[in-house]
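Notes for the one structure printed next.
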Amino acid sequence: MALAHVLGAPRIGPHRELKFALERHWRGELDEAGLRAAASGIRQANWRAQAEAGLDCVAVGDFAYYDPMLTHVALFGCAPARFGFGARIGLAEYFQLARGNADCHAMEMTKWFDTNYHYLVPEFGPDTAFTLDGRWLLDEVAEAQTAGFKAKPVLIGPLTFLYLGKPKQAGFDRLDLLDRLLPAYVRLLAALRAAGIEWVQIDEPILSLDLPPAWRAAFERSCHAQRSAGVKLLLASYFGPLRDNLLTALQLPVDGVHLDGVRGGGELAQALDWLPATKVLSVGVLDGRNVWCDDLAAVLDRTEPLQARLGDRLWVAPSCSLAHVPVSLAPETRLDAELKSWLAFAAEKLEALGTLRAALNRGRAAVAPALDMNGRALASRRQSPRVHDAAVAARVAALRADADRRHSPFAARQAAQRARFALPLFPTTTIGSFPQTPDIRQARARFKRGELAEAAYVQAMRTEIETAVRRQAALGLDVLVHGEAERNDMVEYFGEQLAGFAFSQNGWVQSYGSRCVKPPILYGDVSRPRPMTVEWTRYAQSLTGKPVKGMLTGPVTMLQWSFVRDDQPRAVTALQLALAIRDEVADLEAAGIGIVQIDEPAYREGLPLRRADWPAYLDWAGRAFRVAAAAVRDDTQIHTHMCYSEFNDILPAIAAMDADVITIETSRSDMELLRGFGEFAYPNEIGPGVYDIHSPRVPSVEEMRRLLDKAAAVIPPGHLWVNPDCGLKTRDWPETEAALAGMVAAARAMRRVYAI
């Protein structure tokens, strides 16, 4: 009998219950007991869904109030010493680690592998100690068992936990902490065994990375120590093939191994030959990262031979946790019926997994109606005329080799732009968005429901734009933005106006904490029927003599933050997006907008996990950005923005994007990220973020000035801009104005020091 399970489930709830409970709790409207009750309801619903789909166990421990890596910081009592919490961390301290407090900035945040999920980065040093507080997992296990579910606890493995952390002392090797950490894992695993647990899933996704030899070698002693607790271990890797780490994983002293059969399917034959005869092989046969229906007949064609050799040692699962896809298609009453039939969210993937389990164990005839329905949906998608646009394909094919090149090199452009804008030293700006107030959200919602006429909606948004422009002018900012009041999301807003995109009503996924996004569904060829931002930006510019930036989302981020079609290369889709953005840039320039920001926060996120695969990606991603930006005059200034990523290993590629100004997140790292730009001698202008917009904390002028001093020590002052880390849509106006006032004061203080 083949078994079925999942590596994890969405933790936000079918209607974002966790988001709303968290935000009520942070506002003081919901006590801790109420928050815990809401969390329990989400977990119980997830477990029921897994059981009802016919799965053989339920994932427990995949839930987190904010982030699983942060939960493991609490579980193992290793909060950064600067918070002064000690080893025991309750929910109040947990949220301070995530959001900061009056005395400490929040823990750093970065992308989880190549996904759009952000995790909290543990901080490690020679003095780091680990003290187990097993309640963070054991209470959830008891909850599942009491409800009658067979629990399979999920833990981030000790090596992944350490590897994805950050050393806080130069030269410190995080691997030196492994022997301190392992005893805490062993005690936890022993407690799970005492609670009646048979299997524990140990997630070690770093096996899909290029690992230093010492880290690869450490897996043997890590797994040997954990196995001594007496519980069965399923070592789980995902997000790609293991390549040179495959044999290492299969030979480890564990009881089973999970492999990503979607991205790493080419390794399954080799894995089958190398798998010891005593071990379980769990294969991720459904795509846990995308929303398209998997071809169940093709999956069975690949999986049935595995079952013939492995029998009950074969487990089937999605490729990774289902937290990366929305919860269910059931609430999607407005999606076109044909398009909807092509999709599978988490609930539908559970159903498909149950179908596969039944087909493997009882034969395909037992699930013939489900297989037939799946086949008809796949055929519909392949044959649909709405997917392909000959005009778009022809335009991409006709693109000239030099279509991604500006007219002049940066030095000539910089001179033209300085003559045009006459900005002061350390010019100040923001990243684009301003607070999305209840009035803004209510007006947009009423307009979408048809309760507010278009003229009234336009006037309401113009009023908000005027408010944002007036406030910026009063604060003394040098380059203004229109505030993006009309935008629901930086990708969704554009996707709604482009051909080839569809949108769900409730297709939310977690980005971090209470922040959820609703990725567009990019199903067909992309084109821009009409201008998307020109009138809003032109109106803002009419209100002020200072330059107003046009704000666009770049082609790579549009690609990365959508559920992208899987029937053509991503590079082709990126070029289609680039041409649509290129048209918008040209129209903004024609409307008199002299500065255009093309945001690419997902540029680093799209990087393949293995370095050998980087050049091909960076080649097409860089070309896509340049195609979007290149068709402007020398005195039109192109900005881009990137955040919450490590940039230093791809600085030549970032420089090759050739944006006139790049703004980046640097405050949580205390400007550490900027050091690489200085050592590389980054040639263009740069705006390192001087305060963290994801925290309600307002930094002092002195704190921002100190960061700018650090920046000026590594970047020529004449190339430095001053800005927040990211957009301000999630903040409120009082803290926004206070922080920006301080930022402007810090910039003016720098001008007095560096005046030429």
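Here are the numbers:
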{"read-out": "Failed condition for residue 653, given (1) among the hydrophobic types (A, V, I, L, M, F, W, C); (2) touching a residue at least 12 places away in the same chain (Cβ under 8 Å); (3) under 22 Å from residue 527 (Cα atoms); (4) open to solvent by 10 Å² or more (accessible area, probe 1.4 Å)", "value": "(3)"}
{"read-out": "Selection within region 231-248 - of a type in the set (A, V, I, L, M) and closer than 21 Å to residue 199 by Cα", "value": "231, 233, 234, 235, 236"}
{"read-out": "Selected residue [open to solvent by less than 60 Å² (accessible area, probe 1.4 Å) and closer than 26 Å to residue 668 by Cβ] from 230, 171, 157", "value": "157"}
{"read-out": "Flag if residue 472 is part of a helix (DSSP H, G or I) and open to solvent by less than 20 Å² (accessible area, probe 1.4 Å)", "value": "yes"}
{"read-out": "Among the residues listed as 367, 327, the single one being surrounded by 20 or more Cβ atoms within 10 Å (Cβ to Cβ), at pLDDT 95 or above and in a loop (DSSP other than H, G, I, E, B)", "value": "327"}
{"read-out": "Lone qualifier among 428, 467 - being surrounded by fewer than 19 Cβ atoms within 10 Å (Cβ to Cβ), under 25 Å from residue 722 (Cβ atoms) and either among the β-branched types (Val, Ile, Thr) or at pLDDT below 95 (or both)", "value": "467"}
{"read-out": "Some residue of region 47-57 being in a loop (DSSP other than H, G, I, E, B), farther than 30 Å from residue 149 by Cα and more than 25 Å from the chain's Cα centre (by Cα)", "value": "no"}
{"read-out": "Members of region 295-324 that are within 22 Å of residue 562 (Cβ to Cβ), touching a helix residue (DSSP H, G or I) at 6+ places or on another chain (Cβ under 7 Å) and either in a helix (DSSP H, G or I) or open to solvent by less than 30 Å² (accessible area, probe 1.4 Å) (or both)", "value": "318, 322"}
{"read-out": "Positions within region 237-257 being under 26 Å from the mean Cα position of the chain (by Cα) and open to solvent by 60 Å² or more (accessible area, probe 1.4 Å), in sequence order", "value": "243"}
{"read-out": "Residue within region 361-370 that is in contact with an Asp or Glu (Cβ under 7 Å, 6 or more places away or on another chain) and hydrophobic (A, V, I, L, M, F, W, C) present", "value": "no"}
{"read-out": "Which numbered condition residue 403 fails, given (1) out of contact with any Ser or Thr (no Cβ under 9 Å at 6 or more places or on another chain); (2) not in a loop (DSSP other than H, G, I, E, B)", "value": "(2)"}
{"read-out": "Yes/no for residue 163 being within 22 Å of residue 285 (Cα to Cα), open to solvent by 10 Å² or more (accessible area, probe 1.4 Å) and among the hydroxyl-bearing types (Ser, Thr, Tyr)", "value": "no"}
{"read-out": "Failed criterion for residue 260 (all others in (1) charged (D, E, K, R); (2) out of contact with any helix residue (DSSP H, G or I) (no Cβ under 7 Å at 6 or more places or on another chain); (3) surrounded by fewer than 20 Cβ atoms within 10 Å (Cβ to Cβ) hold)", "value": "(3)"}
{"read-out": "Count of residues meeting criterion [within 26 Å of residue 414 (Cα to Cα) and assigned to a helix (DSSP H, G or I)] in region 713-739", "value": "3"}
{"read-out": "Test result for residue 654, assigned to a helix (DSSP H, G or I) and in contact with a Phe, Trp or Tyr (Cβ under 7 Å, 6 or more places away or on another chain)", "value": "yes"}
{"read-out": "Residue within region 87-94 that is under 21 Å from residue 158 (Cα atoms) and in contact with a Pro (Cβ under 8 Å, 6 or more places away or on another chain) present", "value": "no"}
{"read-out": "Selection within region 581-632 - within 23 Å of residue 430 (Cβ to Cβ), open to solvent by less than 10 Å² (accessible area, probe 1.4 Å) and small (Gly, Ala, Ser)", "value": "594, 602, 628, 629"}
{"read-out": "Selection count where residues are in a loop (DSSP other than H, G, I, E, B) and either at negative phi or open to solvent by less than 50 Å² (accessible area, probe 1.4 Å) (or both), scope region 9-46", "value": "12"}
{"read-out": "Region 420-444 - residue that is part of a helix (DSSP H, G or I) and under 11 Å from residue 486 (Cα atoms) and, of those, nearest to the chain's Cα centre (by Cα)", "value": "441"}
{"read-out": "Some residue of region 677-690 being modelled with pLDDT of 90 or more and either charged (D, E, K, R) or in a helix (DSSP H, G or I) (or both)", "value": "yes"}
{"read-out": "Check on residue 593, in a loop (DSSP other than H, G, I, E, B), touching a residue at least 24 places away in the same chain (Cβ under 8 Å), on the phi < 0 side of the Ramachandran plot and of a type in the set (A, V, I, L, M, F, W, C)", "value": "yes"}
{"read-out": "Residue in region 1-8 that is open to solvent by less than 50 Å² (accessible area, probe 1.4 Å) and farther than 30 Å from residue 305 by Cβ present", "value": "no"}
{"read-out": "Failed condition for residue 478, given (1) at pLDDT below 95; (2) within 19 Å of residue 593 (Cα to Cα); (3) not hydrophobic (A, V, I, L, M, F, W, C)", "value": "(1)"}
{"read-out": "Members of region 66-101 that are open to solvent by less than 20 Å² (accessible area, probe 1.4 Å), of a type outside the set (A, V, I, L, M, F, W, C) and in contact with a His (Cβ under 9 Å, 6 or more places away or on another chain)", "value": "67, 100"}
{"read-out": "Cβ pairs under 8 Å, 6+ apart, first in region 398-409 and at pLDDT 95 or above, second assigned to a loop (DSSP other than H, G, I, E, B) and open to solvent by 90 Å² or more (accessible area, probe 1.4 Å)", "value": "407/633"}
{"read-out": "Subset tally (residues that are of a type in the set (D, E, K, R), in contact (Cβ under 8 Å) with a residue 12 or more places away in the chain and either part of a helix (DSSP H, G or I) or farther than 30 Å from residue 22 by Cβ (or both)) for region 509-554", "value": "6"}
{"read-out": "Answer from 195, 225 - the residue that is at pLDDT 95 or above and touching an Asp or Glu at 6+ places or on another chain (Cβ under 9 Å)", "value": "225"}
{"read-out": "Selection status of residue 159, under 22 Å from residue 236 (Cβ atoms), part of a helix (DSSP H, G or I), modelled with pLDDT of 95 or more and in contact with a Ser or Thr (Cβ under 6 Å, 6 or more places away or on another chain)", "value": "yes"}
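The values are calculated or read from the model by the stated rules, or taken from the named source; none is laboratory data. Keep in mind that what you see is a predicted model, and the values were worked out from it rather than measured. Don't worry about glycine lacking a Cβ; one is built from the backbone with ideal geometry, like all the others, and counts go over all protein chains shown. Accessible surface areas use protein heavy atoms only, side chains included; no ligands, DNA or RNA. Shrake-Rupley method; radii C 1.70, N 1.55, O 1.52, S 1.80 Å.
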